[in-house]
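Undergrad: Provided herewith is a single structure, encoded as structure tokens, for subsequent inquiry.
The values are calculated or read from the model by the stated rules, or taken from the named source; none is laboratory data. Just so we're clear, the structure is a prediction, and the values are computed from it rather than from any experiment. Don't worry about glycine lacking a Cβ; one is built from the backbone with ideal geometry, like all the others, and counts go over all protein chains shown. Accessible surface is based on the protein model in full, side chains and every heavy atom, while ligands, DNA and RNA are left aside. Shrake-Rupley method; radii C 1.70, N 1.55, O 1.52, S 1.80 Å.
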Amino acid sequence: MSLRKALSLLVAVLAFASAGAAWSQAGTPYSMLSPPQPTEGGGKIEVIEFFWYGCPHCNAFEPTLDAWQKTLPADIAFRRVPVAFSEEPFVAHQKIFFALDSMGLVNTMHRKVFYAIHNDRMRLAKADEIAAFMGKNGVDSAKFLEAYNSFSVQTKSAQAKQLAQAYKIDAVPAMGVQGRYYITGTMAGGNERMPAVADALVQRVRKGAA
């Protein structure tokens, strides 16, 4: 073995040992789902962020998550799932997201919804208030309300509730990987570290590890 190859191997071993030691000291930074959940990745590895628009931690996490998801390789299918811990305002916020998604407006409006709630102190819990907000931000309020009240959005909200229950979501933000793994900020040692844990779990999935 050449000196260069030997040094490369040593660096890889030390990096692996360092990561393992960090995980060991912090505790396992994820939990296994039992039973595993079906995925919607279409053959890709699915990564989910569970969030709520009204959550200040989700709001703070959004820039980190947004930057991370822009770097994802082609074999990753990333999606957001809004969580409803109770009826109001959670369900309204779920419907905001799914209505925007159906209109192809998540990229332009997602952060604006967070800003309205956490900076402008808007509640965005009633249809008329939500429609007025959308109109002020250049979205056709009539078309938005049509999507907001549609059967499709109601169905997606119900499916999101079932998925959150299957993952046993009790706090947000949280992340899921390939229907097998569940990550919280507490497990990962901070919300900002969740994407790195997700990356490591994606590698386990690629290698076929349990």
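Undergrad: Output yes when any residue across the stretch 146-155 is in contact (Cβ under 8 Å) with a residue 24 or more places away in the chain, open to solvent by less than 70 Å² (accessible area, probe 1.4 Å) and within 22 Å of PRO38 (Cβ to Cβ), and no when none is.
TA: Checking the stretch 146-155: at least one residue is in contact (Cβ under 8 Å) with a residue 24 or more places away in the chain, open to solvent by less than 70 Å² (accessible area, probe 1.4 Å) and within 22 Å of PRO38 (Cβ to Cβ).
Undergrad: Give me the pairs, please: first residue somewhere in the stretch 88-100 and touching a residue at least 12 places away in the same chain (Cβ under 8 Å) and acidic (Asp, Glu), second residue anywhere and open to solvent by 10 Å² or more (accessible area, probe 1.4 Å) and not in a helix (DSSP H, G or I), beta-carbon distance under 7 Å, and either six or more positions apart or on two chains.
TA: GLU88/ALA125
Undergrad: Could you please find all residues in the stretch 73-95 being out of contact with any helix residue (DSSP H, G or I) (no Cβ under 6 Å at 6 or more places or on another chain) and either within 23 Å of ALA171 (Cα to Cα) or basic (Lys, Arg) (or both)?
TA: ALA77, ARG79, ARG80, PHE85, SER86, GLU87, GLU88, PRO89, PHE90, VAL91, ALA92, HIS93, listed by residue number.
Undergrad: For the subset of the stretch 175-197 comprising residues that are out of contact with any helix residue (DSSP H, G or I) (no Cβ under 8 Å at 6 or more places or on another chain) and of a type in the set (Gly, Ala, Ser), which member is surrounded by the most Cβ atoms within 10 Å (Cβ to Cβ)?
TA: The residue in question is GLY176.
Undergrad: Of these, ILE117, ILE130, ILE48, which one is more than 30 Å from ALA200 (Cα to Cα), hydrophobic (A, V, I, L, M, F, W, C) and touching a Lys or Arg at 6+ places or on another chain (Cβ under 8 Å)?
TA: After applying the criteria, what remains is ILE117.
Undergrad: Now, a different point. Which ones in the stretch 125-145 are open to solvent by 20 Å² or more (accessible area, probe 1.4 Å), in a helix (DSSP H, G or I), in contact (Cβ under 8 Å) with a residue 24 or more places away in the chain and not aliphatic (A, V, I, L, M)?
TA: LYS143
Undergrad: Quickly run through the stretch 104-124 and pick out the residues that are open to solvent by less than 60 Å² (accessible area, probe 1.4 Å) and either assigned to a loop (DSSP other than H, G, I, E, B) or within 30 Å of GLY43 (Cα to Cα) (or both).
TA: Within the stretch 104-124, LEU105, VAL106, MET109, HIS110, MET122, LEU124 qualify.
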